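Worksheet: the structure to be examined is printed underneath.
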Amino acid sequence: MTSIIKIAQKTLIGNRRKGYTLPTNNKLYPAQWNWDSAFIALGYSYFNFNFAIKEIKTLLDGQWKDGMVPHILFHDTNTNYYPNHTAWNCGNKIRSSGITQPPVLASILKQILDKNKINKKQRLEIKKIVKKIKKFHEWFIKYRDPKKTGLVSILHPWESGYDNSPIWDEPMKKVVVEKNIKYKRADNKLINPDHRPLDIDYDRYVTIKNNLRKSNYNPKKLYKSSLFNVVDVGFNSIFLRANKDLVSILKNFNLDTLSISKYIKITEKNILKLFDKKKGNFFSLDIKNKKKIEIPSITNYFILFADLNNRQINNKLIKNLKRHNKKEKYFFSSIKPNHKSFEEKRYWRGPVWINCNWIIYKGLKNKDYLFSKKIKNLTIKLIEKKGIYEYYSCKNGKPMGASNFSWSAALYLDLILNKN
Ligand code: GLC
């Protein structure tokens, strides 16, 4: 067991570059990714506090003037990745993508601060970080929820972090692929193409991206003009929890909490509109095409992480969650295996992801302790048995995708070393 802790630490160090960490040490993801970095920082906090803070600082160095923290920062512009910095053609101090990713950072920072004593100098440094995170959250509220419904939209499937999920199938079908679209993807040359998104999906991803670029990524325009606009349950659950954690951090630093606290109240009320009483599940909303999206995705259970103060709903969700993987030895599969969209090996359409298990484990801890412990132990065992990979088959635990995967290493460290 101890040796796996060492291997996890070595994985992070091995993937570390100048002040930031790659998602893996192969060529698949040669940049800094937003939510990967947050998870990675948590991992570092168990053996190198300075690296943890530096990881977050570097990510926030890429923040745009309007407050957005991009989903990718291209510190190294000489790579084979597509879409690269020229395809996006944007960024503030650092070349970046023009979209964002799930804002888990505030929740991660809270966890790091809860378990570490900081000195005066560190407090000043972290105060700057906190202000930037607040600006990021205010950007979401201002530009991704212009009607102040309490629910924010994502404007590209990549913003969700679960890029290739069947949740996006219906809204994506409506996206008409640009004429004469030309680009060279690299991912399916590096990894078995049967595990990666189909070409038609990639065409649509690139079409949506090019459309955002046409508006010069102007946040005032994009909400309306984007070819894709979805209120996703998982994403909003992460944001709600992050807002709650942010308020607690802001108080700690004597910073104003009003704008965030107000928004939490609206979200807590309106997120219930996404609850289907009959089925006992939450669903996402395709804003662009005014349609419900009913896909049994594990990310719909991220609502447990948001800590809704509603025992009846929480109990119903937990009951359903226990049925998500009845026959499978390894869980949670990203999609319920009996659903028509389930694919055992294609990424985000079936495989088990460590960050999803982690989010659900954290959400269950104060609601069903025994079940949460079971998830934690199974996740730890999966990594110890199969290695530190990007994702795994729910049928036989077969590891897939990138090896030496940073967030799997980082979250393993939290699962095994966090004594709370
Ligand atoms: C893939 C995942 C995304 C992740 C990125 C880097 O694009 O879908 O969630 O951030 O890889 O690991």
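Odds and ends about this structure:
- Surface share of carbon and sulfur [accessible, 1.4 angstrom probe, percent] for the chain: 50
- Dividing the mean sequence gap of close Cα pairs (under 8 Å, 6+ apart) by how many residues the range 40-85 holds gives a relative contact order of 21 percent.
- Positive-end extreme of charge dipole, the range 2-417 - chosen from N355, N211, A242 (charges on Cβ): A242
- The length gained on full extension between C90 and N310, counted as 0.36 nm times the residue separation minus their Cα-Cα distance, comes to 75.0 nm.
- Relative contact order (%) - the range 272-420, alpha-carbon pairs under 8 angstrom, separation at least six: 19
- Among the listed pairs K128/K220; K93/K182; K57/K288; K262/K336; K117/K395, those with a Cα-Cα distance over 32 Å are K57/K288; K262/K336; K117/K395.
- Surface exposure of the chain, expressed per residue as accessible area with a 1.4 Å probe, stands at 43 Å².
- Packing here is the average count of other Cβ atoms within 10 Å per residue, and on that basis the peptides 10-23, 181-194, highest first, run 10-23, 181-194.
- Taking amide H as placed 1.01 Å from N in the peptide plane, the amide H of K398 sits under 5 Å from that of S393, each at least 5 places away or on another chain.
- Full-stretch length increase - V176, K115 - with 0.36 nm per residue and alpha-carbon distance subtracted: 17.1 nm
- Distance in nm between pseudo-label sites at K18 and K329 (7 Å out along the Cβ direction from Cα): 4.7
- Estimated FRET transfer efficiency (I266, K319; beta-carbon r; R0 30 Å; 0.05): 0.60
- Most tightly packed first, judged by the mean number of other beta-carbon atoms within 10 Å of their residues, the peptides 304-313, 404-413 read 404-413, 304-313.
- Amide N proximity, the range 312-346 versus K277 label position 7 Å along Cα-to-Cβ, cut-off under 14 Å: 312-313
- Normalised contact order of the chain, rounded percent, pairs of Cα under 8 Å and 6 or more residues apart: 18
- Extension gain, F253-K128: 0.36 nm per intervening residue step, less the Cα-Cα distance, totals 44.0 nm.
- Working ranking of peptides 394-402, 168-176, 105-113 by packing, defined as the average number of other Cβ atoms within 10 Å per residue, highest first, is 105-113, 394-402, 168-176.
- Among the listed pairs K127/K251; K127/K365; K142/K174, those with a Cα-Cα distance over 22 Å are K127/K365; K142/K174.
The values are calculated or read from the model by the stated rules, or taken from the named source; none is laboratory data. Worth saying up front: this structure is predicted, and the values here are computed from it rather than measured. Using ideal geometry, Cβ is built from the backbone for each residue, glycine included, and neighbour counts are taken over all protein chains shown. SASA here: full protein model, heavy atoms, side chains in, ligands and nucleic acids out. Shrake-Rupley method; radii C 1.70, N 1.55, O 1.52, S 1.80 Å.
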